[in-house]
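The structure appears right after this line, and notes come after that.
The values are calculated or read from the model by the stated rules, or taken from the named source; none is laboratory data. Bear in mind that the values here come from a model prediction, so they are computed numbers and not experimental data. No Cβ is skipped: glycine too gets one built from the backbone with ideal geometry, and neighbour counts run over all protein chains shown.
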Amino acid sequence: MGSPCSETSECREVDQFSYCDPSGHVCVCNERHRTSHDRRRCVHYAGLIGSPCSLTDECRVVDRFSYCDLSDSVCVCGEGRHPAEDRRRCVLPPSTTAAEIAVVTFCFVVISILAVIVVFLLVWLCKAYVCVKTGQRPPSNSQQLFAVVGC
């Protein structure tokens, strides 16, 4: 499409859904069709993601990241994208917000602190158990607790 012309018959030789635009004297697609992705022919205008189709070019007119899912014969978005609310384009999922990052960071810090406390308690309990089993006094301070030997 876009080839110079003087009458519609010249355009129809290239594509049956085209005509010669009298204002620009170039071949264009009729109102129910759009120029294909490769600009060589006219394809049915699917209109929206989810619309019926038979060729990927019909969907590419809607959005360059869409294609015709031949199993369902509808336009769908390519991998990693989904239809926008108006179904006129394919968009990437929203990125993670600063608030979400802050919540995850806070949770990580809290879990890390809890993990240190749990490890400390487990070490104390194990050492106390060994000391009691061997008839010795359990550790009473942190230096004794983390000493390699002895209770």
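Okay, here's what the table says:
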read-out	value
Conditions (1) closer than 30 Å to Ser6 by Cα; (2) crowded, with 16+ Cβ neighbours inside 10 Å; (3) in contact (Cβ under 8 Å) with a residue 24 or more places away in the chain; number of the one not met by Cys20	(3)
Residue list for the range 45-57, restricted to those being under 25 Å from Met1 (Cα atoms) and touching a Pro at 6+ places or on another chain (Cβ under 9 Å)	Ala46, Leu48, Ile49
Entirely in the range 1-57, the strands (runs of 3 or more DSSP E) that have 2 or more residues that are over 35 Å from the mean Cα position of the chain (by Cα) and farther than 23 Å from Val76 by Cβ	18-21, 26-29
Hits in the range 58-78 (condition: modelled with pLDDT of 85 or more, part of a loop (DSSP other than H, G, I, E, B) and over 18 Å from the mean Cα position of the chain (by Cα))	Leu70, Ser71, Asp72, Ser73
Subset of the range 28-77 [acidic (Asp, Glu) and surrounded by 17 or more Cβ atoms within 10 Å (Cβ to Cβ)]	Asp57, Glu58, Asp63
Any hit, the range 89-107, residues being in contact with a Gly (Cβ under 7 Å, 6 or more places away or on another chain), modelled with pLDDT of 80 or more and within 30 Å of Tyr67 (Cα to Cα)	yes
Sole residue being among the hydroxyl-bearing types (Ser, Thr, Tyr), free of Cβ contacts under 8 Å to residues at least 24 places away in the same chain and within 24 Å of Asp86 (Cα to Cα), chosen from Ser66, Ser51, Ser71, Ser36	Ser71
Residues within the range 6-19 that are within 18 Å of Ser36 (Cβ to Cβ) and not β-branched (Val, Ile, Thr), tallied	8
Test result for Val103, of a type outside the set (S, T, N, Q), farther than 30 Å from His44 by Cα and in contact with a Leu (Cβ under 7 Å, 6 or more places away or on another chain)	no
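Each row is one residue, and each column tells you yes or no for (1) part of a helix (DSSP H, G or I); (2) surrounded by 10 or more Cβ atoms within 10 Å (Cβ to Cβ); (3) in contact with a Pro (Cβ under 7 Å, 6 or more places away or on another chain); (4) basic (Lys, Arg).
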{"position": "Gly80", "(1), (2), (3), (4)": "no, no, no, no"}
{"position": "Glu85", "(1), (2), (3), (4)": "no, no, no, no"}
{"position": "Arg88", "(1), (2), (3), (4)": "no, yes, no, yes"}
{"position": "Val104", "(1), (2), (3), (4)": "yes, yes, no, no"}
